[in-house]
Amino acid sequence: MSVTVTFVTEKGERVSASAKAGDRLLEVGQAAGMPLEGTCEGQMACSTCHVIVAPEWFDRLPPAVDDEEDMLDLAAQVTRTSRLSCQIVLNPALDGLEVRIPGEAVDMQRR
Ligand code: FES
């Protein structure tokens, strides 16, 4: 079963992407042309994969582990519903998920 995800760009454009259960949101976003660098490839060491989850979806995601929270503390433009897209694995319950791409990313590995 496919899972449809909508990305909202910095300019407010809505881009929908079709993914499979088990795909990581990071790769789905990259395939859809979103500027998610994902420099550390999911090691929770860069925060360039930061996305802002639509509030109505935030509580439906499994909670962030401490390492993810720590990395989000360092990301740019963090909000209450921020997550690292490399930590979000899609499943059918997330069909319709909507996330916003922040305008700026901080790569902690380049500091
Ligand atoms: Fe680096 Fe997600 S890809 S923290």
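Numbers for the structure displayed
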{"read-out": "Heavy-atom accessible area per residue - the chain, 1.4 Å, Å²", "value": "53 Å²"}
{"read-out": "Accessible surface of the chain [probe 1.4 Å, protein heavy atoms]: carbon and sulfur percent", "value": "47 percent"}
{"read-out": "Glu56-Gln109 pseudo-label distance in nm [points 7 Å out on the Cα-to-Cβ vector]", "value": "3.6 nm"}
{"read-out": "In nm, spacing of pseudo-spin labels at Asp70 and Glu37 (7 Å Cα→C-beta vector)", "value": "2.1 nm"}
{"read-out": "Segments 43-50, 20-27 sorted - mean Cβ within 10 Å per residue, highest first", "value": "43-50, 20-27"}
{"read-out": "5 angstrom amide H check on Cys46, placed H, neighbours 5+ away", "value": "Cys40"}
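The values are calculated or read from the model by the stated rules, or taken from the named source; none is laboratory data. Values in this document were obtained by computation on a predicted structure and should not be read as measured data. As a convention, Cβ positions derive from the backbone with ideal geometry for all residues, glycine included, and neighbour counts pool all protein chains shown. We work out accessible area using only protein heavy atoms, side chains counted, and drop any ligands, DNA or RNA first. Shrake-Rupley method; radii C 1.70, N 1.55, O 1.52, S 1.80 Å.
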